[in-house]
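K.L.:
What follows is a single structure, and I will ask about it in a moment.
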Amino acid sequence: MAPALALLALLAPGLVVVALPACDYPAHLWCSSREIAVACQAESRCANLSHPTAPPVELSLYYESLCPACRGFLVEQLFTTWLLLPSETMNITLVPYGNAQEKKVGGKWQFQCQHGSEECLGNMIQACLMHEAENFTTYFPVIFCMESGTSATKNLEACLQVYAPQLDAGRIAACVRGDLGTALMHRNAQLTEALDPPHQYVPWIVVNGKHTDELQEQAQRSLLRLVCQLYQGEKPEGCQSAKAPKPRDVCKR
């Protein structure tokens, strides 16, 4: 028992003395963990420890590069929601393939897309971009730029210059022309074909591993509102910006 507590026990023998955990940490470490904050009686000062960390909302978007409904959802709902919310609120997976079909010809995969060969090119450019960039925060603004422009296939270099100048457009182009691009598209085909339930249209939205008509409807009407409802942690400021729902649109198979 600490000397001060021992003296108190002698002076007031009937008093129950409870020894608090010792705080042997400098002030700048008090909020580094919940245990230290408790020991140093600093919990009220540690906003980062006031709420346990909640898992992010997991969202997967299955789409195709030239589908108007896909472009609208990605640009107007998904990108703006991503900008408004902290990174720990939501994890996003993009799968550009959509209503395409694949077949093997002469030992190589060939793809046929709903909106023609230009869309297949757009899908592959985005798949190669994601592979080259690796980091979501690097490639998502570039994809937003491509999808919000007049052409989703001809503005890669301009979008890279603005959002990711560190990436090499030549390496992405080589991926698109080579076996790597084909392999990436085949993987996206497999991911899309493995959907349960099978997709009936695009954009096809999977939230926390599930797709239902209700989740799809809510996501397309106001993704920000849906994510804020599902996130179990402290609601971020961006949730105050949730807009009124808007009509949904799709590209059917």
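The values are calculated or read from the model by the stated rules, or taken from the named source; none is laboratory data. Predicted, not measured: the structure shown is a model, and the values here were computed from it. Note that each Cβ is placed from the backbone with ideal geometry, even for glycine, and that neighbours are counted across all protein chains shown. Note: accessible area is taken over every heavy atom of the protein model, side chains too, but ligands, DNA and RNA are not part of it. Shrake-Rupley method; radii C 1.70, N 1.55, O 1.52, S 1.80 Å.
K.L.:
Name the pairs whose Cβ atoms lie under 6 Å apart, with the first residue in segment 206-224 and within 17 Å of residue 93 (Cβ to Cβ) and of a type in the set (Gly, Ala, Ser), the second open to solvent by less than 30 Å² (accessible area, probe 1.4 Å) and in a helix (DSSP H, G or I), and 6 or more positions between them or separate chains?
P.N.:
Between residues of segment 206-224 that are within 17 Å of residue 93 (Cβ to Cβ) and of a type in the set (Gly, Ala, Ser) and residues that are open to solvent by less than 30 Å² (accessible area, probe 1.4 Å) and in a helix (DSSP H, G or I), the close pairs are 219/226.
K.L.:
Okay, moving on. What number goes with the only condition from (1) open to solvent by 10 Å² or more (accessible area, probe 1.4 Å); (2) under 24 Å from residue 158 (Cβ atoms); (3) more than 18 Å from the chain's Cα centre (by Cα); (4) of a type outside the set (A, V, I, L, M) that residue 123 does not pass?
P.N.:
All conditions pass for residue 123, except number (1).
K.L.:
Determine if segment 33-54 includes at least one residue that is among the hydroxyl-bearing types (Ser, Thr, Tyr), within 27 Å of residue 196 (Cα to Cα) and touching a helix residue (DSSP H, G or I) at 6+ places or on another chain (Cβ under 8 Å).
P.N.:
no
K.L.:
Can you tell me which of (1) modelled with pLDDT of 95 or more; (2) assigned to a helix (DSSP H, G or I); (3) within 30 Å of residue 232 (Cβ to Cβ) is the one residue 48 doesn't meet?
P.N.:
(1)
K.L.:
Follow-up question, since we're still on this one. Read through the list (1) open to solvent by less than 50 Å² (accessible area, probe 1.4 Å); (2) part of a helix (DSSP H, G or I), then give the number of the only condition that residue 195 fails.
P.N.:
(2)
K.L.:
Only one of (1) touching a residue at least 12 places away in the same chain (Cβ under 8 Å); (2) surrounded by fewer than 13 Cβ atoms within 10 Å (Cβ to Cβ) is not met by residue 240, so which one is it?
P.N.:
(1)
K.L.:
Same structure again: Which condition from (1) in a strand (DSSP E or B); (2) surrounded by fewer than 20 Cβ atoms within 10 Å (Cβ to Cβ); (3) touching a Phe, Trp or Tyr at 6+ places or on another chain (Cβ under 6 Å) is the one that residue 36 breaks?
P.N.:
Result: residue 36 passes all but (1).
K.L.:
So residue 204 fits all but one of (1) open to solvent by 20 Å² or more (accessible area, probe 1.4 Å); (2) under 22 Å from the mean Cα position of the chain (by Cα); (3) of a type outside the set (A, V, I, L, M); what number is the exception?
P.N.:
The number of the failed condition is (1).
K.L.:
Restricting the search to segment 84-96, which residues are more than 13 Å from residue 228 (Cα to Cα) and touching a residue at least 60 places away in the same chain (Cβ under 8 Å)?
P.N.:
95, 96
K.L.:
Hey, can you tell me all the residues within segment 128-168 that are touching a residue at least 40 places away in the same chain (Cβ under 8 Å), open to solvent by 20 Å² or more (accessible area, probe 1.4 Å) and aromatic (Phe, Trp, Tyr)?
P.N.:
Correct list: 136, 144.
K.L.:
Taking the options 187, 225, 171, 248, name whichever one is at pLDDT 95 or above and surrounded by 15 or more Cβ atoms within 10 Å (Cβ to Cβ).
P.N.:
That would be 225, the only listed residue that is at pLDDT 95 or above and surrounded by 15 or more Cβ atoms within 10 Å (Cβ to Cβ).
K.L.:
Could you please find all residues in segment 207-222 being over 15 Å from the mean Cα position of the chain (by Cα), open to solvent by less than 50 Å² (accessible area, probe 1.4 Å) and closer than 18 Å to residue 55 by Cβ?
P.N.:
215, the sole residue that qualifies.
K.L.:
In segment 54-68, which residues are open to solvent by 10 Å² or more (accessible area, probe 1.4 Å), closer than 26 Å to residue 113 by Cβ and not in a strand (DSSP E or B)?
P.N.:
Result: 66, 68.
K.L.:
Okay, moving on. Return a yes/no flag: does segment 84-95 have any residue that is within 28 Å of residue 158 (Cα to Cα) and out of contact with any Leu (no Cβ under 9 Å at 6 or more places or on another chain).
P.N.:
Yes.
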